[in-house]
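The values are calculated or read from the model by the stated rules, or taken from the named source; none is laboratory data. Just so it is clear, the structure is predicted and the values come from calculations on it, not from any experiment. Cβ: placed from backbone, ideal geometry, glycine included. Neighbour counts: every protein chain shown. What goes into the accessible areas is simple: the full protein's heavy atoms, side chains included, and nothing from ligands, DNA or RNA. Shrake-Rupley method; radii C 1.70, N 1.55, O 1.52, S 1.80 Å.
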Amino acid sequence: MKEKIEKLLQEAAEIHAEKMEQLEELRIKFMGRKGILQEMFQDFKNVPAEQKREVGVLLNQLKDKLQERLESLKQSLESEELPSDKTNDLTIPVRFDELGSRHPLSIVRSQICDIFSRIGYTVAEGPEIEDDWHLFSALNFAPDHPARDMQDTFFIETAPDILLRTHTSSVQIRMMEHTKPPIRMIFPGRVYRNEVISARAHCQFHQVEGLYIDKKVSFADLKQSLLYFTKEMFGSETKIRLRPSYFPFTEPSAEMDISCNICGGVGCNICKGSGWVEILGCGMVDPNVLSNCGIDPDEYSGFAFGMGIERIAMLKYQTNDIRLYFENDVRFLREFEAAL
Ligand code: DAH
């Protein structure tokens with residue numbers, strides 16, 4: 001009996017099967033109700049009492065070994081069989097994998113880029129981690145400007161000069177430092193602000209910055225370019241109005257409203273009854289900013305503008321909670337499948 005078990009133990013280690021059916025045959029042969037193992041357990045009754053302990057241990061070893069071997073063969077056949085069967089059979093119809101959809105912010109960003117590229121703007125990007133010079137100082141922010149406050153800006157504790165950019169205006173500086181005018185560019189990108197997250201505000205969002213520098217660029221050029229953008233983005237009926245405002249890096253500065261695309265200007269809760277909604281800030285690049293970047297303000301002038309992509313998306317798709325754009329709930333994202 002001992003010898004028989006030892007021989008079977010060796011055999012168990014060498015069991016091999018090419019196909020599932022073969023494996024099943026082996027299982028029945030060794031472990032089936034009338035199989036070899038069962039037979040051995042029957043014979044065990046006849047083993048003399050003084051050998052029972054030793055033979056019993058061996059018999060259990062054999063059982064474990066067989067189980068283990070058959071299981072591992074099963075697993076490797078399962079993992080091999082499906083793909084090899086499928087790749088070998090070229091007549092099996094192709095399974096069309098479900099496609100995802102583009103994120104609404106990506107859709108709106110590329111629409112904005114397309115609209116401006118049609119009037120000669122090129123697209124560039126800058127770093128999200130910035131230094132004080134590019135984010136504030138070169139943009140003419142006074143040393144005590146509130147935007148430099150920790151309450152608005154994320155600073156990196158160990159390096160006070162390094163910050164997460166709060167706006168894409170920093171990319172204007174990077175471009176002007178390295179490019180000779182004429183410059184006609186837009187800069188899309190992510191920005192960060194130390195804000196409490198709510199339906200209307202988030203600690204991260206996206207902006208597109210625009211910059212146009214050349215000889216004799218005027219405020220009329222700015223207005224015309226933004227009117228063109230608005231009509232392309234929100235429809236040809238849409239009107240714009242510019243309200244005087246203040247930004248350290250533009251002079252004069254303005255904020256631009258568009259006629260409310262939801263009520264058509266009559267007044268609704270989105271435009272708070274005014275018929276107008278604000279979509280961007282803009283202005284003529286301050287001569288100090290040009291000088292900071294090595295561009296002669298007596299020779300060149302230009303305009304800049306900056307808009308929030310979420311804001312444009314919320315107006316375009318009539319969504320009223322900015323958090324939807326960051327939660328990535330597929331039920332929300334699937335609504336944009338048609339816009340692919
Ligand atoms: N950087 C401003 C902001 O984040 C937006 C802005 C306003 C950009 C006026 C400009 C501009 O280029 O001219 O609120």
Subject >> Selection from the stretch 206-232 of residues that are among the hydroxyl-bearing types (Ser, Thr, Tyr) and crowded, with 23+ Cβ neighbours inside 10 Å >> reply: 212
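Tell me which residues, restricted to the stretch 301-324, are over 22 Å from residue 235 (Cβ atoms) and more than 12 Å from the ligand (Cβ to nearest atom).
301, 321, 322, 323, 324, listed by residue number.
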Subject >> Residue check, residue 294 open to solvent by less than 20 Å² (accessible area, probe 1.4 Å), more than 10 Å from the ligand (Cβ to nearest atom) and not β-branched (Val, Ile, Thr) >> reply: no
**OP:** Only residues that are within 25 Å of residue 116 (Cβ to Cβ) and more than 27 Å from the chain's Cα centre (by Cα): list them for the stretch 133-191, please.
**Re:** 138, 139, 140, 176, 177, 178, 179, 180, 181, 182, 183, 184
Original post:
Which ones in the stretch 162-205 are open to solvent by less than 40 Å² (accessible area, probe 1.4 Å), assigned to a strand (DSSP E or B) and modelled with pLDDT under 95?
Top reply: 163
Subject >> Residue that is in the same structural domain as residue 113 (by TED's automatic domain parsing) and free of Cβ contacts under 8 Å to residues at least 60 places away in the same chain, where the choices are 209, 177, 157 >> reply: 157
**OP:** Under 9 Å between Cβ atoms, at least 6 apart or on separate chains: pull out the pairs that start in the stretch 11-33 with a residue that is touching a residue at least 40 places away in the same chain (Cβ under 8 Å) and end on any residue that is outside any helix (DSSP H, G or I).
**Re:** 23/15; 23/17; 26/15; 26/16; 26/17; 27/35; 30/15
**OP:** Give 299, 255 a once-over and let me know the one that is touching a Cys at 6+ places or on another chain (Cβ under 8 Å), more than 21 Å from residue 104 (Cβ to Cβ) and open to solvent by 30 Å² or more (accessible area, probe 1.4 Å).
**Re:** 255
Subject >> Every residue from the stretch 260-284 that is open to solvent by 10 Å² or more (accessible area, probe 1.4 Å) and within 16 Å of the ligand (Cβ to nearest atom) >> reply: 278, 281, 284
